[in-house]
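Rule-based calculations on the coordinates, nothing more; no lab input. Note that the structure is a prediction, hence the values are computed from the model and not measured. Neighbour counts are summed over all protein chains in view; Cβ atoms, including those assigned to glycine, are modelled from backbone coordinates with ideal geometry.
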Amino acid sequence: MRIYDLALKDLSQILRDKKSLLFLVAMPIVFTLFMGFAYTSGGDENVDMRIPLAVVGGSDSRLGEMLVERLETSDAVRVVRIDQAAALESLQKGDVAGVLIIPVGFGDQSEGAALSDQSKGSPLSQLELIADASSSQGQSLYQLLRGPVSQLMSAEQVARISADLQNDPDEFSPALELAWAKWDENSRLELVRVEQAVAAEPESDWTGGNPYNQASPGIIVQFAIFGLTTSAQILVQERKSRTLQRLMTTAMKPWEIVAGHLLAMFTLTFLQTALLVVFGQLALGVDYLREPLGTLLISVALGLWVASMGLLIGVIAKADDQVILFSMIAMFLFSALGGTWFPLEASGGAFAAIGRLMPSAWAMNGLQNLLIRGLGLEATLLPTAILLAYATGFFLLAVWRFRKMEL
């Protein structure tokens, strides 16, 4: 209970200051409206938010062409057809998120093998995807390719069975085309929901038809960081007024003091995020509730990361002006590099490569997977895990610094 009492003390101390509401709620809303208007009036509508995928081969076989044609109609993947050397170089530079290698003659043996031993396996096992499984886009590619590849594998198996049953190898090709067409039809009916349409209208832009799909989550992440200025100042004030030293002489253990302040910071950040999510949903048409559990996971992970970072700022800073300085530096650094102001896909090169390492970029990626790319809950799991890892790191640093501060 002492932890909760300390957290409630911090929250009541923050909320008694009317200016806190200005920074926590009013300013984020104003900036969200401003940024959304900026994207509408001056944004580049030609920015392609689809994940770039280099495809090597596939043009010399029917199965390869079928797979590539399906990927080219995707709203989440942008296919780039190049040779293998150029594809691997583009992957190294960060120009593409992955390389799909379709071997020469891919699937050509399927028709001949239709009446032979089935134990040889499907030719689809020859496909090779080269991507960084630890990156957000690489993880998304694995999820996005799973659907069409599974469908093509199923269509090929159906064609084999059909040719075997009729004892006619010539039946393989029409059966394959029919099964593939049925898969395409069923996919559009969402029987297989690996990806969803990002927008229903062909003229929709990179924001998914709503500029606030970029502005709203960007401001949520940016002001979550800056909103910790007030709560981090409490630690500084407690140290200056000797309140912290008196707390250390009570029955409260050091970890309970740290946990109490962390809980207050997390609660403040999460409530701010929740308010901005509700505002975005109701007033701006940002469909956070299309996948409510995914939005909740990202919000909780974001709150824990930011709270841990705020705790670290609070134990490092020696004065109020240092709290403001460190918070401003963190806000601008993570906002500029993390894609909260503009999509990292629009920058490319080393800037995008560095930006994708930022925890703010993972928070943005998780929300954009839901809002812009139309993906499901699974697309938020990796960003959530990365944010929690960053939160753990900042928390351990804060605890280490707090113990040194005791001495």
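Assorted remarks:
- Spatial offset of region 381-403 relative to region 252-310 amounts to 15 Å, using the alpha carbon center of each.
- Mean Cβ neighbour count within 10 Å, used as a protection proxy, ranking 258-267, 393-402 highest first: 258-267, 393-402
- Reduced Cα scattering model of region 252-407, Debye log10 I(q)/I(0), q = 0.11, 0.15, 0.20 Å⁻¹: -0.47, -0.85, -1.32
- Given Lys93/Lys404; Lys18/Lys240; Lys9/Lys404; Lys18/Lys404, the pairs whose alpha carbons are separated by over 32 Å: Lys93/Lys404; Lys18/Lys404
- Most to least packed among 304-315, 380-391 [average Cβ atoms within 10 Å]: 304-315, 380-391
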